[in-house]
Structures are given as structure tokens and as C-alpha cells.
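One structure below.
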Amino acid sequence: MVVDLVHPQAGPTKAVGCPVHFSATPTAITRPAPLLGEHTRSLLRDYGYSDPEIDSFIADGVVEAVA
């Protein structure tokens, strides 16, 4: 139930594996949690925000984004 992973900032970590197992749809925990702000730009773009708007959000401290 516990999976060993390597996080880019935290180093070696442990995560909880999937408690439900199905024969036709096996699960696997293969990556650690995302970094804070790792997907901010792509998510905001998906919701229709332009790059200048996103830059403004970041500059104003509304959101965090990984450079």
C-alpha cells in the first residue's frame, strides 16, 4: 500500500497506493505530487485566460507559477 517515489524538491518520499484493485484496470502510482504552481499556466490557459492576464495574476500574487 505504500509506494516509494522521488520528488524533485523533497527527495525520496512515500505515497499511499491505490486501495482498490481491479483485474481489468490495474492502477499504479508512478509520480509524486506536482510542485506548487507547476500547472498554473496551462490550467488558466484552458479556462481562457491570456498570457498577459496570467502574468498579471502572478505579478499581483493572485497565483503561484513555476518559472
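The values are calculated or read from the model by the stated rules, or taken from the named source; none is laboratory data. A quick note: this is a predicted structure, and the numbers were derived from the prediction, not measured. Note that each Cβ is placed from the backbone with ideal geometry, even for glycine, and that neighbours are counted across all protein chains shown. Areas reflect the complete protein model, heavy atoms only, side chains present, ligands, DNA and RNA absent. Shrake-Rupley method; radii C 1.70, N 1.55, O 1.52, S 1.80 Å.
Just checking the listed ones, PRO32, PRO12, PRO52: in the Gaussian network model of the chain with Cα springs under 10 Å, the one fluctuating most is PRO52.
As a fraction of the 1.4 Å probe accessible area of the chain, surface on carbon and sulfur atoms comes out at 59 percent. Solvent exposure of the chain, expressed per residue, is 80 Å² of accessible area, with all protein chains present and a 1.4 angstrom probe. Helical content alone sets the calculated 222 nm signal of the chain at -6500 deg cm²/dmol, taking -39,500 (n - 2.57) per DSSP H segment of four or more residues and averaging over every residue.
Here each label is just a point 7 Å from Cα along the line to Cβ, and for ALA67 and TYR49 those points are 2.0 nm apart. Using 0.36 nm per residue and subtracting the Cα-Cα separation, the extra length available between HIS39 and THR13 on full extension is 7.3 nm. Computed over the chain, the P(r) tail beyond 15 angstrom holds 64 percent of alpha carbon pairs.
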